[in-house]
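The values are calculated or read from the model by the stated rules, or taken from the named source; none is laboratory data. Just so it is clear, the structure is predicted and the values come from calculations on it, not from any experiment. Don't worry about glycine lacking a Cβ; one is built from the backbone with ideal geometry, like all the others, and counts go over all protein chains shown. Remember, those area values only see protein heavy atoms, side chains included, never the ligands or the DNA or RNA. Shrake-Rupley method; radii C 1.70, N 1.55, O 1.52, S 1.80 Å.
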Amino acid sequence: MAVAKKEQELLVTVSPHIRSDETVGRIMWTVSLSLLPAFVFGVYYFGPKAVYVTALCIVGSLFSEWLVQKMTGREVTLGDGSAFLTGLLLGMNMPASAPFYIPLVSSFVAVAITKQLFGGIGYNIFNPALIGRAFALITWPRAMTSWTEPTAAFVGLDAKTTATPLGLLKEGGMQKLVEVFGDKASLYTDLLLGHRAGSLGETSVIALLVGGAFLLYKRYITWHIPVSFLGTVAVLAWAFGGKGGLFTGDPLLHLLSGGLMLGAIFMATDYVTCPSTRLGQVVFGIGCGVLTILIRLKAGYPEGVMFAILLMNCFAPMIDRNLKSKVFGLKKEARK
Amino acid sequence: MALPTFKGGVHPPDHKELSAGAPVKEAPSPSQVLIPLSQHIGAPCKCTVKIGQEVKKGDLIGEPTGFVSAPVHSSVSGKVVALMDVPNAMGRMVPAVVIENNGKEEWAQLKDNPDYMRLAPEELREKVKDAGIVGMGGATFPTHVKLSPPKEKPVDVVIINGAECEPYLTADHRLMVESPAEVLEGLKVIMRILGVEKGYVGIESNKPDAVEKMKEAASGEAGIEVVELEVKYPQGAEKMLIKAITDREVPAGGLPMDVGVVVQNVGTALAIFEACRYGKPLIERVVTVTGRGVKNPGNLMAKIGTPVRELIEACGGLNDNPVKVVLGGPMMGFAQYTLDVPVAKGTSGVLVMSEEEHSASGKFGHCIRCGNCIDACPMGLMPSLLSIFSEKGFYEETKDYNILDCFECGTCTYVCPAKRPIVQFIRLAKSLIKR
């Protein structure tokens, strides 16, 4: 904007005349950065294929965003990092062994259909990356659940299994799981560090926690969804997860396995598809936790985080409508 | 220990360093003043002078036409040369009296009251009314009305608002540092008028010298307490200030007196003291002239009716980079299209913004529902949803989300990462549903 040389050139706009320097792009790129530790671990653990699969997802996402925005005559917004983040998340939710067409088609489903056809950023009902993954899981159930052995980086460690810990638990129970990992202590250690089969970005709980702590520190997420989600899973797993009756389950095992950490910290907290108020977010998190455990314990799939979040996405607008923020001064008046 | 405050709010850079250290200077007396007849909320005044008439400082030139109204007085001695419309801060043309200054600074006969604290509350209230005092923080609500609470709303607390939460502004700050005793006397007069035993002065902690001076002045005064507040915009909004200091919550749609509180601005308190002590009407006020677009930012004692142009010149004139001139602060102030706009009773600052200081409002994106505005809204509203409803034309729906509780502080627009003009959308919806 040109400097007002003359009085007649003074700018007249309504207040406020100052804005914070926060932008959508900065948020999206920061969240992408916070996924880096978990992604790097995935590459280290699963090898170059992890890079390949994720790169295909990101390229597919960016291309889909560009394509639909061009076709519908809207402004192309690749720079805001939103499509990149969707691609990265989708990639981290894929097995490293996925053939090339799965990342490409799912990223198109995620960005073009789930997000852009609903109106673009801010208007999608469902988490794009999760819809992309759900589509892939239903379309290519085999390829999406074949967990290859990690690369040689961890030879000697108990990472040879080609079933995920939750898969093993579903098939053979706790006994089988402990058998595969050696003993209980190394089971937990391996789960925490990420030495296990699974989607390429979901395995390392510790790396995901580092990313989550960074986001909390930057205030891009709050504790409400992750804590209520994880807390619900822990309580319900403890109560109903055991074979020996009520309160004999293993909450730690459930917390450390599957896509729970990735889902609770990075997917359920997606601004667009979760409720906006803090109270609503706690309700949302509890709902995600209940559905996750219901699917893990009682349904055909070993893992339920993805479907749990997607189902709760449907309820987010309703939660917002019924759990509005507390208006200053309203309670006292209502009490009269 | 955490300082008292309210829930929500934001911390914009305050830039008060530009003018906070500059003592209040008398602005040069302008060659002519343009005194609007409506400088308050309520009925405009009726002009009581004719063209050609000689007036002195403090002479009545406009008389109120209703209870919610405030008289207007001449701020110079000289001759009425025109009755014409002039722009006000909001950009509207309003009737005004133009007086040519003869430079003699002759005062009208004022009634001195050394024993003002012995006067009956009604007499004091009458003096406030006759002096034309209005809320000088910017709201410009006639003060005597606020000092006349109905019987069914007993008031037990008076708060002097020294928060000055708008960035850049330092007028109240300087008053508290330079005239703490007078401000405190003003508070005592208000307490006497209302028959109240408890008075507070609320000051944001970024003004430690003001806190110290006010505490010094208040030491030994029973029932008066100086409260240091967290620095947070909009701490100076009445409801937020009352919440922070007394923990009382003004009901939605209600007034401070509903919870037994009356709030007055620092400048107003000083004006009340001067009116009761010296019989002096409100004809001048402290104006902060600031921003990086002006050469020597400072605080000026300016006569009501002085064109803003002369205040800027008194501060060294414009730099070569101004893009916007705002009356008031950057969060709620009004951008001007002309520098001929006169200083009014509610003009707390003249902010000349340079290109770097000012955030252009322009392209904006979709709401990404990050919830930043919901967290920041001091009224606990959901500005994101309100802005979407308004953008799409669903004005009626905004009522279900308490849109009328919004006092348009602009915090939502400030924090929005998608740069959405949220408060602007809210203003639009509010104006349409009020019809």
Check your understanding: Filter region B:146-176 for residues that are closer than 24 Å to residue B:42 by Cβ and of a type in the set (Lys, Arg); which is most open to solvent (accessible area, probe 1.4 Å)?
Key -> B:151
Exercise for review: Check region B:229-241 and report whether any residue there is more than 22 Å from residue B:411 (Cα to Cα), assigned to a helix (DSSP H, G or I) and either open to solvent by 20 Å² or more (accessible area, probe 1.4 Å) or out of contact with any strand residue (DSSP E or B) (no Cβ under 8 Å at 6 or more places or on another chain) (or both).
Suggested key: no
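For region B:343-358, indicate whether the set of residues that are of a type in the set (A, V, I, L, M), in a loop (DSSP other than H, G, I, E, B) and either closer than 30 Å to residue A:280 by Cα or more than 10 Å from chain A (Cβ to nearest Cβ) (or both) is non-empty. Don't jump to the end; show me each part of the working.
Start the filter on region B:343-358 by keeping residues that are of a type in the set (A, V, I, L, M), which leaves B:343-344, B:350-353.
Restricting the remaining residues to those that are in a loop (DSSP other than H, G, I, E, B) gives B:343-344.
Applying the additional criterion that residues be either closer than 30 Å to residue A:280 by Cα or more than 10 Å from chain A (Cβ to nearest Cβ) (or both) yields B:343-344.
Within region B:343-358, one or more residues are of a type in the set (A, V, I, L, M), in a loop (DSSP other than H, G, I, E, B) and either closer than 30 Å to residue A:280 by Cα or more than 10 Å from chain A (Cβ to nearest Cβ) (or both).
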Exercise for review: Evaluate the following for residue A:203: is it modelled with pLDDT under 95, under 19 Å from residue A:302 (Cα atoms), of a type outside the set (A, V, I, L, M) and within 15 Å of the chain's Cα centre (by Cα)?
Suggested key: yes
Exercise for review: Run down A:18, A:58 and say which single residue is within 14 Å of chain B (Cβ to nearest Cβ) and either open to solvent by less than 30 Å² (accessible area, probe 1.4 Å) or over 26 Å from residue A:218 (Cβ atoms) (or both).
Suggested key: A:18
Point to revise | Failed item in (1) farther than 21 Å from residue A:234 by Cα; (2) within 14 Å of another protein chain (Cβ to nearest Cβ), with residue A:315 passing the rest | key: (2)
Exercise for review: Determine, yes or no, whether residue B:110 is open to solvent by 30 Å² or more (accessible area, probe 1.4 Å) and at pLDDT 95 or above.
Suggested key: no
Exercise for review: Please state which of the following conditions residue B:326 fails to meet, knowing it meets all the rest: (1) within 9 Å of chain A (Cβ to nearest Cβ); (2) open to solvent by 10 Å² or more (accessible area, probe 1.4 Å).
Suggested key: (2)
Exercise for review: Of the numbered conditions (1) open to solvent by 60 Å² or more (accessible area, probe 1.4 Å); (2) touching a residue at least 12 places away in the same chain (Cβ under 8 Å), residue A:181 fails exactly one; give the number of that condition.
Suggested key: (1)
Revision key, fill the gap. When every residue in region B:88-102 that is surrounded by fewer than 20 Cβ atoms within 10 Å (Cβ to Cβ) and touching a strand residue (DSSP E or B) at 6+ places or on another chain (Cβ under 8 Å) is compared, the one farthest from the other protein chains (Cβ to nearest Cβ) is B:102
Review point. Here are some residues: B:405, B:340. Which one is of a type in the set (Asp, Glu) and touching a Leu at 6+ places or on another chain (Cβ under 7 Å)?
Key: B:405
Point to revise | Scope region B:250-296; condition aliphatic (A, V, I, L, M), part of a helix (DSSP H, G or I) and within 14 Å of another protein chain (Cβ to nearest Cβ); matching residues | key: B:257, B:259
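Output the residues belonging to region B:378-396 that are open to solvent by 20 Å² or more (accessible area, probe 1.4 Å) and at the interface with another protein chain (Cβ under 10 Å from one of its Cβ atoms). Talk me through it step by step, then tell me what you get.
Just the residues of region B:378-396 that are open to solvent by 20 Å² or more (accessible area, probe 1.4 Å), to begin with: B:385, B:388-389, B:391-396.
Within region B:378-396, B:385, B:388 qualify.
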Point to revise | Flag for residue B:186 being open to solvent by less than 40 Å² (accessible area, probe 1.4 Å) and within 16 Å of residue B:242 (Cα to Cα) | key: no
Point to revise | Residue, surrounded by the most Cβ atoms within 10 Å (Cβ to Cβ), within region B:397-435, restricted to residues that are among the charged types (D, E, K, R) and part of a loop (DSSP other than H, G, I, E, B) | key: B:420
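For residue B:60, are the conditions met, namely being at pLDDT 95 or above and open to solvent by 50 Å² or more (accessible area, probe 1.4 Å)? Full working, then the answer.
Working: at pLDDT 95 or above: yes; open to solvent by 50 Å² or more (accessible area, probe 1.4 Å): yes.
Yes; evaluated as a whole, the condition is true for this residue.
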Check your understanding: Which condition breaks for residue B:374 when tested against (1) hydrophobic (A, V, I, L, M, F, W, C); (2) assigned to a loop (DSSP other than H, G, I, E, B); (3) facing chain A (nearest Cβ under 7 Å)?
Key -> (2)
Review point. Among A:31, A:53, which is crowded, with 17+ Cβ neighbours inside 10 Å, touching a residue at least 12 places away in the same chain (Cβ under 8 Å), within 14 Å of another protein chain (Cβ to nearest Cβ) and among the hydrophobic types (A, V, I, L, M, F, W, C)?
Key: A:31
Exercise for review: Within region B:11-24, count every residue that is in contact (Cβ under 8 Å) with a residue 40 or more places away in the chain and within 13 Å of residue B:170 (Cβ to Cβ).
Suggested key: 9
Practice item. Considering only region B:1-13, state which residues are open to solvent by less than 50 Å² (accessible area, probe 1.4 Å), assigned to a loop (DSSP other than H, G, I, E, B) and not hydroxyl-bearing (Ser, Thr, Tyr). Key: B:4, B:6, B:8, B:9, B:12
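Considering every residue within region A:206-221, establish whether at least one is in contact (Cβ under 8 Å) with a residue 24 or more places away in the chain, in contact with a Phe, Trp or Tyr (Cβ under 6 Å, 6 or more places away or on another chain), within 17 Å of residue A:34 (Cα to Cα) and buried (at least 20 other Cβ atoms within 10 Å of the Cβ).
Going through region A:206-221, the residues in contact (Cβ under 8 Å) with a residue 24 or more places away in the chain turn out to be A:207-212, A:214-215, A:218, A:220-221.
Still in the list and also in contact with a Phe, Trp or Tyr (Cβ under 6 Å, 6 or more places away or on another chain): A:207.
Among the residues that remain, those that are also within 17 Å of residue A:34 (Cα to Cα) are: A:207.
Right, trim to buried (at least 20 other Cβ atoms within 10 Å of the Cβ) and you get A:207.
Yes; the residues of region A:206-221 include at least one that is in contact (Cβ under 8 Å) with a residue 24 or more places away in the chain, in contact with a Phe, Trp or Tyr (Cβ under 6 Å, 6 or more places away or on another chain), within 17 Å of residue A:34 (Cα to Cα) and buried (at least 20 other Cβ atoms within 10 Å of the Cβ).
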Practice item. Look at region A:92-106 and say how many of its residues are within 15 Å of residue A:203 (Cα to Cα) and aliphatic (A, V, I, L, M). Key: 3
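Looking at A:125, A:113, which one is within 18 Å of the chain's Cα centre (by Cα), more than 29 Å from residue A:194 (Cα to Cα) and open to solvent by 50 Å² or more (accessible area, probe 1.4 Å)? Reasoning before the result, please.
Working: A:113 fails: within 18 Å of the chain's Cα centre (by Cα).
On inspection, the qualifying residue turns out to be A:125.
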Point to revise | Subset of region A:61-73 [touching a Ser or Thr at 6+ places or on another chain (Cβ under 9 Å) and open to solvent by 70 Å² or more (accessible area, probe 1.4 Å)] | key: A:63
Practice item. Might you let me know whether region B:8-26 holds any residue that is more than 19 Å from the chain's Cα centre (by Cα) and under 19 Å from residue B:306 (Cα atoms)? Key: yes
Exercise for review: Sort through A:96, A:110 and tell me the only one that's away from chain B (no Cβ under 14 Å), touching a Leu at 6+ places or on another chain (Cβ under 7 Å) and at pLDDT below 95.
Suggested key: A:96
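Okay, residues lined up against (1) of a type in the set (Gly, Ala, Ser); (2) closer than 15 Å to residue B:300 by Cβ; (3) modelled with pLDDT of 95 or more:
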site	(1), (2), (3)
B:340	no, no, no
B:352	no, yes, yes
B:363	no, no, no
B:377	no, no, yes
Review point. Taking into account only those residues within region B:339-361 that are surrounded by fewer than 24 Cβ atoms within 10 Å (Cβ to Cβ) and without any contact (Cβ under 8 Å) to a residue 40 or more places away in the chain, which is nearest to residue B:288 (Cα to Cα)?
Key: B:339
